[in-house]
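Values quoted throughout were computed directly from the atomic coordinates according to the rules given, and no laboratory measurement underlies them. These numbers come from a predicted model, not from an experiment. Every residue, glycine among them, receives a Cβ derived from its backbone with ideal geometry; neighbour counts consider all protein chains shown.
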Amino acid sequence: MRTLRNSLIISLSMAIGAVLLALPTLRLPQVMADAYSSHRFPSFGYILDNPVLSITGSGISTNPTSVNGVTTAHVTWVFGTISGTYSGCTVQAKTSYDGINFLNLGSAASVSVTTNAINAWDIYQQAAVTTGVTTTTVSGTAAPGFGQYVEYAFACSSYGTSAPVTITAIYK
């Protein structure tokens, strides 16, 4: 009886051990740097954001998108049928570390606001220096990299009456 019980315990222990070994190992996302540039990219897939804006006579901002862990954004603004004339238009990427206060992320991108215009650009967070510690310049208006959220602020020097735009932002 004792031998049978010991055999069952050993068999059960081995079965539990095999199941535990078969489970995937829990790993946190890692940020890697490629060998040919100073740009970093996370090891998890991507975040896709597709807001649609209807610009009518004044500046507008997109709703914030959660982008924890990203270091790259591939952004496309595709305008529909434009009414009126838009000139001197820019899109400023902004980021936030707290979801309330937003800082500029890079420089404003000049965009063409005409019927069926396609505007595409990339935003890259630079990798840290490999030796020593680097401190960025303190700023109340510009962020050194991506925070928890990203939004885009659209502004022009002169506005028409209507500019629908479909935005695609792919974050890595």
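Taking packing as the residue-averaged number of other Cβ atoms within 10 angstrom, the listed peptides 157-168, 89-100 run from highest to lowest as 89-100, 157-168. Computed from label points 7 Å out along Cα-Cβ, the spacing between T76 and T161 is 3.0 nm. For segment 38-171, the Kirkwood radius over C-alpha pairs fed into Stokes-Einstein at 25 °C and 0.890 mPa s yields D = 156 µm² per second. What the Cβ-Cβ distance of Q126 and Q148 gives, at R0 = 30 Å and to the nearest 0.05, is a FRET efficiency of 0.95.
Here the label points at N50 and T85, each 7 Å from Cα along the C-beta direction, are separated by 3.5 nm in the simple model.
Do you know the relative contact order of segment 38-171, to the nearest whole percent, from alpha carbon pairs under 8 angstrom that are 6+ apart?
The value is 48 percent.
Classify segment 104-169: rounded, prolate or oblate, from the alpha-carbon gyration tensor (a ≥ b ≥ c, eigenvalue square roots; a/c under 1.5 rounded; otherwise prolate if a/b is larger than b/c)?
Taking the square roots of the gyration eigenvalues as a ≥ b ≥ c, segment 104-169 is prolate.
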